[in-house]
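No lab work stands behind these numbers, since they all come straight from the coordinates. Predicted model only: the values in this text are computed from it and were never measured. Ideal geometry is used to build each Cβ from the backbone, glycine not excepted, and the neighbour counts take in all protein chains shown.
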């Protein structure tokens with residue numbers, strides 16, 4: 001497996017659609033993991049690290065907004081794109097408030113989806129870079145005038161915050 005691949009979690013209860021979109025994105029170089037319901041998606045996200053998630057809104061059991069809320073709470077750099085055939089202005093607003101990067105209708109245009117995935121990945125990298133930069137600045141401030149032991153304690157706190 002290529003380490004440069006973007007790790008993408010795709011969640012949709014329509015298995016034919018799920019397999020089709022997964023295949024199309026795999027052919028374009030994405031490392032795709034599929035989940036056919038919300039519980040599978042949350043479990044997959046707990047056991048693997050993903051850069052992006054493509055999430056259906058209407059699913060039995062745990063719906064897309066619930067999955068979105070859990071993913072954004074537990075994975076602060078994960079960017080989530082909602083792809084739904086049941087969109088409404090209210091659900092778009094709700095998903096945006098919960099942290100969705102974008103909200104796209106089904107049927108989707110592949111080029112628009114690929115462009116949105118690229119933008120979401122860039123946003124993820126920017127967030128991660130800014131966080132890493134802030135951590136490095138904090139460590140640099142600690143390093144001047146602190147004892148080795150207090151630097152280690154503060155670095156541990158920073159590391160714990162990252163988890």
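Here the ratio of the Cα radius of gyration of segment 3-84 to 2.2 N^0.38 Å is 0.98.
Reported value for segment 101-163: 76 Å³ per residue, from the convex hull of its C-alpha atoms. The modelled label-to-label distance for the pair residue 133/residue 15, using points 7 Å beyond Cα in the direction of Cβ, is 4.7 nm. For helix 148-162, report the angle its Cα long axis makes with the longest principal axis of the Cα atoms of the chain; keep it between 0 and 90° and round to the nearest 10°. Tilt of helix 148-162: around 10 degrees. Seen against the Cα atoms of the chain and their longest principal axis, helix 110-143 is set at about 10 degrees.
Rounded to the nearest 500, the helix-only mean residue ellipticity at 222 nm of the chain stands at -18500 deg cm²/dmol, with each DSSP H run of n ≥ 4 adding -39,500 (n - 2.57).
Note on 11, 42: ascending count of other Cβ atoms within 10 Å places them as 42, 11, the fewest first.
The three principal axes of the C-alpha atoms in the chain carry coordinate ranges of 59, 34, 25 Å, sorted with the longest axis first.
Order by neighbour count: 117, 149, fewest other Cβ atoms within 10 Å first, most last.
149, 117
With springs only between Cα atoms under 10 Å, which of 152, 113, 98 fluctuates most in a Gaussian network model of the chain? Among 152, 113, 98, the largest GNM mean-square fluctuation belongs to 152.
Between 63, 31, 132, the residue with the greatest mean-square fluctuation in the GNM of the chain (Cα pairs under 10 Å linked by springs) is 132. Taking the longest Cα principal axis of the chain as reference, the axis of helix 15-26 is set at about 50 degrees. By the count of neighbouring beta-carbon atoms within 10 Å, fewest first, 155, 59 end up ordered 155, 59. Summary value for the chain: 16 percent relative contact order, contacts being C-alpha pairs under 8 angstrom separated by 6+ residues.
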